[in-house]
Amino acid sequence: MSQLTLPSGMEITGAIEPGYAEILTPQALALVARLSREFEPRRKQLLDARAERAKRLDAGERPDFLRETAAVRNGDWKIAPIPQALACRRVEITGPVERKMVINAFNSGADAYMTDFEDSNSPVWSNQIEGQINLRDAIRKTIALEQNGKSYKLNEKVATLLVRPRGWHLDEKHVTVDGKRVSGGIFDFALFMFHNAKEQLARGAGPYFYLPKMESHLEARLWNDIFVMTQNELGLPQGTIKATVLIETITAAFEMDEILYELREHSAGLNAGRWDYIFSCIKKFKLDKEFCLADRAKVTMTAPFMRSYALLLLKICHHRGAPAIGGMAALIPIKNDPEKNEIAMGGVRVDKARDATDGYDGGWVAHPGLVDLAMNEFVKVLGDKPNQFEKQRPDVNVSAADLLNFQPEAPITEAGLRYNINVGIHYLGAWLAGNGCVPIHNLMEDAATAEISRAQVWQWIRSDKGVLEDKRKVTAEMVRAMIPEELAKVKEVAGTGPTYDRAAKIFEQMSTAEHFEEFLTLPLYEEI
């Protein structure tokens, strides 16, 4: 166990394993401390503002485009030019910062790779620090792995890297500055920047990021100010950092122009983060007895509110000279069943063909086996062009009512209810054991899909429309009766680790409690 030299006022309680001190250097930690002291008060204010807004929505207020920022929406401005390394992003692969995944994703043939400290990663201390080690080694092309008789190392040509730090709501509990936990996002971002920004620039790309879970343009302004200060601290030209914002909350959908404007010197566009977006809609209107969404499988990108959001995002991005990146195809190849596999691959084809035809510049996949298939759909539309910024979509006119047109409301089936319970227990059990990216029922599940699962169950219990096809009302008692049955099914597939029993208890508590927990990862984080 190594000893660290810590900046004044900082404490670290996480174990310092071999190699960790190379990441947790005095200079890197000094940057974490400086950013934390400067920006923590604003982070807390913005989280308080979220809570206040949630109360207003609970009381019946509905989001709308902001009157006070009309000049930004109506203004004739564009984001700063996109660097060459981010001009072509037809297929982006995503995945956690685990060593083998990092190598396979870089080698996948995708144009870009979003490596994830957030939703597909369980934020145990070892994952966060070893993830930084893995990225440091990958950027320098020294990363390698020997596992089960196989050797893994990087190809000559690799994907362009984008890093997703944690969202504003997440702390890093193992690190405090002046007695207060640091922001998980600032911690992830600062360590990565300190160790890699100059190395990346020397190699012809730069420090590029994905920013998750934002709910307003003021939260984007906070990131922008952090970028400015960090570039000054590290002696980098302003505008070196580029960041793509995931639009994965209903409130952010009303502020997309403003978010691009706040980050305009540092922007790399927007992404349609579909799973979290659905979760956000359920969460924000959870107390509305009239609000209800059908089985998760029925809420697709062609649902009215999802279609409106996707087209508005595309129009705004291209109007501002910004990339528009489509969301995740969560389907994964099914090895032992050619018939089911063909259906799954057909679903991915349709998804990517729709995005490409609409005008999107790229889209996400969760598995290397989908890269070629997705690439083909974009190449069919783009040919050899790197993007289609010129596709302006003046035909798209989306109103506030369109964004709030929540359909389909039915069917809600017993199978759909059981599916949510099953996925919720399975995913939570894996997350508690340190794995945040889990193949379940031929889909790659992460924290966002677990959030939809428990939020839908909670809301169906309370909504007047939460009624199964066979006319039975979804109740807490019904859910409690199904949980042991679905737990047994999870154990048949995943084994009998102790975390699944705990996960079932957590799922029951969260889906039936009076109070709706803002994020399931917040109380869970205290257990890992």
Exercise. When you take every Cα atom in the range 437-503, what is the radius of gyration, and what is Dmax, the widest Cα pair distance, in Å?
Worked result: 13.7, 37
For this session: Could you tell me what percent of the accessible area of the range 452-515 is made up of carbon and sulfur, with a 1.4 Å probe and every protein chain present?
Result: 56 percent
Seminar exercise, completed: Cα-based Rg and Dmax for the range 1-158, in Å, come out at 21.1, 61
For this session: Output the antiparallel fraction of DSSP beta bridges having both residues in the chain, as a percent to the nearest 5.
Result: 35 percent
Exercise. What whole number of Å gives the distance from the Cα centroid of the range 417-481 to the Cα centroid of the range 290-362?
Worked result: 21 Å
Problem set entry | Radius ratio Rg over Rh of the range 312-358, counting only Cα atoms, Kirkwood formula for Rh | 1.17
Seminar exercise, completed: Heavy-atom accessible area of Thr5, protein chains in place, probe 1.4 angstrom, given in Å² to nearest 10, is 100 Å²
Problem set entry | the range 270-314 - percent of accessible surface contributed by carbon and sulfur, probe 1.4 Å | 60 percent
Exercise. Debye sum, Cα scatterers, the chain, no solvent: what log₁₀ I/I(0) at q = 0.11 1/Å?
Worked result: -0.97
Exercise. What size of dipole, in debye to the nearest 20, comes out for the range 412-501 about its Cα centre when the only charges are +1 on Lys and Arg C-beta atoms and -1 on Asp and Glu C-beta atoms?
Worked result: 240 debye
Exercise. Rank Asp361, Asp337, Asp372 by accessible area, highest first, at a 1.4 Å probe radius?
Worked result: Asp372, Asp337, Asp361
For this session: Note down the magnitude of the dipole of the chain about its Cα centre, charges +1 on Lys and Arg C-beta and -1 on Asp and Glu C-beta and zero elsewhere, to the nearest 20 debye.
Result: 540 debye
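How large is the charge dipole for the range 247-404, taken about the Cα centre, if only the Cβ atoms of Lys, Arg (+1) and Asp, Glu (-1) carry charge, to the nearest 20 debye?
Using only the charged Cβ atoms, the result is roughly 260 debye.
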Exercise. In angstroms, what radius of gyration and Dmax does the range 48-124 have, counting Cα atoms only?
Worked result: 19.7, 49
For this session: Would you work out what percent of the accessible area of the range 1-148, with all protein chains in place, is carbon or sulfur (probe 1.4 Å)?
Result: 50 percent
Problem set entry | Ranked by how many other beta carbons lie within 10 Å on average, peptides 485-491, 218-224 from highest | 218-224, 485-491
Problem set entry | Rg/Rg_globular for the range 14-57, with Rg_globular taken as 2.2 N^0.38 Å and Rg from C-alpha atoms | 1.78
Exercise. After finding the eigenvalues of the alpha carbon gyration tensor for the range 232-279, what semi-axes result from the square roots of 5 times each, listed largest first in whole Å?
Worked result: 26, 11, 8
For this session: Express the relative contact order of the range 209-325 as a whole percentage, based on alpha carbon pairs under 8 Å and six or more residues apart in sequence.
Result: 27 percent
Exercise. Which percent of Cα-Cα pairs in the range 335-435 sits in each 10 Å bin, short to long?
Worked result: 12, 24, 34, 25, 6
Exercise. For the chain, with every protein chain kept in place, what is the accessible area per residue (1.4 Å probe, Å²)?
Worked result: 38 Å²
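Looking at the range 96-179, I'd like the Rg to Rh ratio, where Rg is from alpha-carbon atoms and Rh is Kirkwood's inverse mean 1/r.
1.02
The values are calculated or read from the model by the stated rules, or taken from the named source; none is laboratory data. Just so you know, these numbers come straight off a predicted model, no measurement behind them. For neighbour counting, all protein chains shown are included, and Cβ atoms are generated from backbone atoms with ideal geometry for every residue, glycine included. The area values use the complete protein model at the heavy-atom level, side chains included, leaving out ligands, DNA and RNA. Shrake-Rupley method; radii C 1.70, N 1.55, O 1.52, S 1.80 Å.
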